[in-house]
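Novice: Below: one structure in structure tokens.
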Amino acid sequence: MFNPASLPRIISRVKNAPSASQTTAKILLVLIMVVWGGSFIASKVGLDGMYPIELATLRFAIATPVLLLITVALCGWRSLIVQKKDFWVLFIMAMTGITLQYITQLVAMTYTTVTNTALLINMGTFFVIIPSIFLLKEKFSSDNLLGVGIAFAGLVLVATNGKLEFAPHLIGDGIILISAALWAVYILIGNKLAGKYSVLTQLNYIFVIGFIGLLPFYFLTPRHDIAQFSPVSWVSLLYLAIFCSIICYFFFNDAIIKIGPSKSAIYQYLEPVFAIIFAIVLLGEPLTVFIAAGALLAIIGIAMADNNLKIIGRFRKKPVETPVEVQQVRHQQP
């Protein structure tokens, strides 16, 4: 039977529970990392018939007009109107999130190893968290910070397969760190326009500007005859353009608005985990104890970083009020 005396406690729990929109955003973030994990396979397949800059440019050559058509059909042309003072923010997001991001990654991978790339590109999470603490005043508990460290340790195990050897390639590693910092800028500055424009409005400017920025590099580097592309190349391009670009960028930007830059960035530790899973299932790569343990650590770390699991907090005792303190509080009440 319902006890009316428990009503205040129930109301308090509801108020303190994460909103449905936040919960949905977190679920979608996991799905985004599944799709982005698959992008490694799609890119590998696509690069069999295309050059790196060519692949990146054609990806957004498809995604940009498709996104524009979707936006106009759903929201009309007026949804694309933004204030002039906000254009520079969208320009920086386009340069850091698309143009410079893909160019630096592709260039760096010619100078460093895949393992180094997988590890260093995820340093972007730290580049998001540190400014979030000091500039955006986001609060991180001991469990949150420990979770970030545990998740990164899991990423190390997954990327290295237990062979904890990091072969430095100074030029490539330095460029990858620049790429990670660029992605962090994209996430942090995206928070500046949170709620002011729809995600579709922002993405149209980001895609158009980012695509235009890629064009000079496309025409200055080797490229193939598009008419000679194989069906497999087109499938990989469509996967990268529609799923990895339009859909994933939309929900990732939406998550930045709903749960904040740092919490959204933490989920990116799952991306290489899903990439390895796809490689095991589709490419026949072996599943080892280290990969399994690393994946588990990444999941535990993200759960801690996102306040879904507490370890340190369980050992912290709440201060107990003495009878004298309770009596003093009672005397102070009117």
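Just so it is clear, none of the values below were taken in a lab; they were calculated from the coordinates. Quick caveat: nothing in here was measured; it's all calculated off a predicted structure. For neighbour counting, all protein chains shown are included, and Cβ atoms are generated from backbone atoms with ideal geometry for every residue, glycine included.
Novice: Listed here are the pairs Lys85/Lys139; Lys26/Lys263; Lys263/Lys310; Lys137/Lys196; Lys84/Lys196; which of them are more than 18 Å apart at the Cα? Write out the running numbers ahead of the final one.
Specialist: Details: Lys85/Lys139 30 Å; Lys26/Lys263 9 Å; Lys263/Lys310 16 Å; Lys137/Lys196 21 Å; Lys84/Lys196 13 Å.
With Cα atoms farther than 18 Å apart: Lys85/Lys139; Lys137/Lys196.
Novice: Now, a different point. What is the mean projected area of the alpha carbon convex hull for the chain, to one decimal in square nanometres? Mind dumping the intermediate values first?
Specialist: Numbers: hull surface 99.3 nm².
The orientation-averaged projected area of the Cα hull of the chain comes to 24.8 nm².
Novice: Which order, highest average first, do 265-274, 117-126 follow once you tally other Cβ atoms within 10 Å for each residue and take the mean per peptide?
Specialist: Working: 265-274: 23.8, 117-126: 21.1.
Answer by packing, highest mean first, reads 265-274, 117-126.
Novice: With a 10 Å radius around each residue's Cβ, average the other Cβ atoms per peptide and rank 175-183, 128-136, highest first. Present the calculation step by step, with values, prior to reporting the outcome.
Specialist: Numbers: 175-183: 21.9, 128-136: 16.4.
Put in order of decreasing packing, that is 175-183, 128-136.
Novice: Helix-only mean residue ellipticity at 222 nm, the chain, DSSP H runs n ≥ 4 weighted -39,500 (n - 2.57), per residue, nearest 500. What is it? Walk me through the intermediate numbers first.
Specialist: Values: 17 runs with 230 residues, N = 334.
Taking each H run of at least 4 residues, the total per residue is -22000 deg cm²/dmol.
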